[in-house]
Amino acid sequence: MSETPAVQVDVVQQAADRLQTAARTGVPCRPVRDLIDRDDVAAAYAVQQRLTAARVAGGASIIGRKVGLTSVAVQEQLGVDQPDFGVLFDDMRYLGGDTVPYDAVLQPRVEAEIAFVLAHDLEDGDLDLPQVRAAVDYAVAALEICGSRVANWDISFADTVADNASSGAFVLGPLRRRLHEFEPGDVTMTMSVTGHEESAGSGRACLGDPLLAVQWLARRARDLGDPLRAGQIVLSGALGPMRPVDKGAQVVATLSGLGRVAVSFDEGNRS
């Protein structure tokens, strides 16, 4: 990423400090768009990079990326014409059937998607769709537990980018599928929250094909000097609407060809 202009350094740090304080205390903060312009993509990613560096310095490991804003409807809602991305850390990962402390993620909302695990780096070449397909080791059904450090999810594009694309945690299902066994764009999804169907959708809702979302991320990551690497996990984006969850909620999503992934929330306190 190009260097942030010197005049912006102070506000970038102020925005990072505000979001970091919210994450540490569990008290959501006001948006950061009073510090960085709501459409300033470079400044927003600079804030995200500050927060990522702080997490890594604190001992967290980066294990992948997530793509957000893959729905045209959501892009229109925020007035943007592109997805965004965030970083996945090792302490965000759960497995299907796990219980997540409710307070581990601020203002949690859940969405179902496809997670891809890479067998090869996506650094060289055209990064066309055949190359992206060939780089995928396998895919699993996944739940993303989105969270916002910004009070009441009052976010603009810059707010969500700065806040690590509103990342919180994610859950990986048990069934691994190679790309010759299913077609991501043809996947259909239903998701229930505590026994009530709350969301439905398909692979086509994710930029037309979840693999196109991976391709977008691969090109963007390489342009920014931090390409996707073998072994990393990529959350490709929601297949249907995101839904809020309450304490004690049980979430189950079923994705055709990829099976079922479930998670429960207890009423545990933040550590």
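Limited to the stretch 232-247, what total is found for residues that are assigned to a loop (DSSP other than H, G, I, E, B) and among the polar types (S, T, N, Q)?
Let us first name the residues in the stretch 232-247 that are assigned to a loop (DSSP other than H, G, I, E, B), namely 232, 239-242, 245-247.
Right, trim to among the polar types (S, T, N, Q) and you get 232.
Summing the residues that are assigned to a loop (DSSP other than H, G, I, E, B) and among the polar types (S, T, N, Q) in the stretch 232-247 gives 1.
Among all positions in the stretch 50-60, there is no residue which is touching a strand residue (DSSP E or B) at 6+ places or on another chain (Cβ under 9 Å), in contact (Cβ under 8 Å) with a residue 12 or more places away in the chain, closer than 30 Å to Ser202 by Cα and buried (at least 17 other Cβ atoms within 10 Å of the Cβ). Here Phe157, Phe182 are screened, and the one residue that is of a type in the set (Phe, Trp, Tyr) and within 30 Å of Arg24 (Cβ to Cβ) is Phe157.
Note on the stretch 116-136: residues that are of a type in the set (D, E, K, R) and touching a His at 6+ places or on another chain (Cβ under 8 Å) total 0. Looking only at residues in the stretch 12-37 that are of a type in the set (A, V, I, L, M, F, W, C) and more than 17 Å from Thr52 (Cα to Cα), the one that is surrounded by the most Cβ atoms within 10 Å (Cβ to Cβ) is Ile36.
Within the option set Ala134, Ala169, Ala119, Ala151, being out of contact with any Ser or Thr (no Cβ under 8 Å at 6 or more places or on another chain) and surrounded by 22 or more Cβ atoms within 10 Å (Cβ to Cβ) holds for one residue only, Ala169. The set of residues in the stretch 63-81 being free of Cβ contacts under 8 Å to residues at least 40 places away in the same chain and within 22 Å of Arg229 (Cβ to Cβ) is empty. Residues of the stretch 82-104 that are closer than 16 Å to Ala165 by Cα and either part of a loop (DSSP other than H, G, I, E, B) or without any contact (Cβ under 8 Å) to a residue 12 or more places away in the chain (or both): Gln82, Pro83. Taking the criterion of being in contact with a strand residue (DSSP E or B) (Cβ under 9 Å, 6 or more places away or on another chain), farther than 21 Å from Gly240 by Cβ and small (Gly, Ala, Ser), the residues of the stretch 61-82 that qualify are Ser61, Gly64.
Among the candidates Ala151, Ala139, Ala115, the residue that is within 15 Å of Gly68 (Cβ to Cβ) and among the small types (Gly, Ala, Ser) is uniquely Ala115.
Please determine whether any residue of the stretch 218-231 is within 19 Å of Tyr45 (Cα to Cα), modelled with pLDDT of 95 or more and in a loop (DSSP other than H, G, I, E, B). Within the stretch 218-231 (the criterion being within 19 Å of Tyr45 (Cα to Cα), modelled with pLDDT of 95 or more and in a loop (DSSP other than H, G, I, E, B)), the answer is yes, since at least one residue qualifies. Tell me the residue from Ser199, Ser236, Ser256 that is in contact with a helix residue (DSSP H, G or I) (Cβ under 6 Å, 6 or more places away or on another chain) and in contact (Cβ under 8 Å) with a residue 60 or more places away in the chain, please. Exactly one of Ser199, Ser236, Ser256 is in contact with a helix residue (DSSP H, G or I) (Cβ under 6 Å, 6 or more places away or on another chain) and in contact (Cβ under 8 Å) with a residue 60 or more places away in the chain, namely Ser236.
In the condition set (1) at pLDDT below 95; (2) assigned to a strand (DSSP E or B); (3) surrounded by 16 or more Cβ atoms within 10 Å (Cβ to Cβ), Glu197 is compliant with all but (3).
The values are calculated or read from the model by the stated rules, or taken from the named source; none is laboratory data. Being a predicted model, the structure only gives us computed values, none of them experimental. A quick note on method: Cβ atoms are made from the backbone with ideal geometry, for glycine too, and the neighbour counts reach across all protein chains shown.
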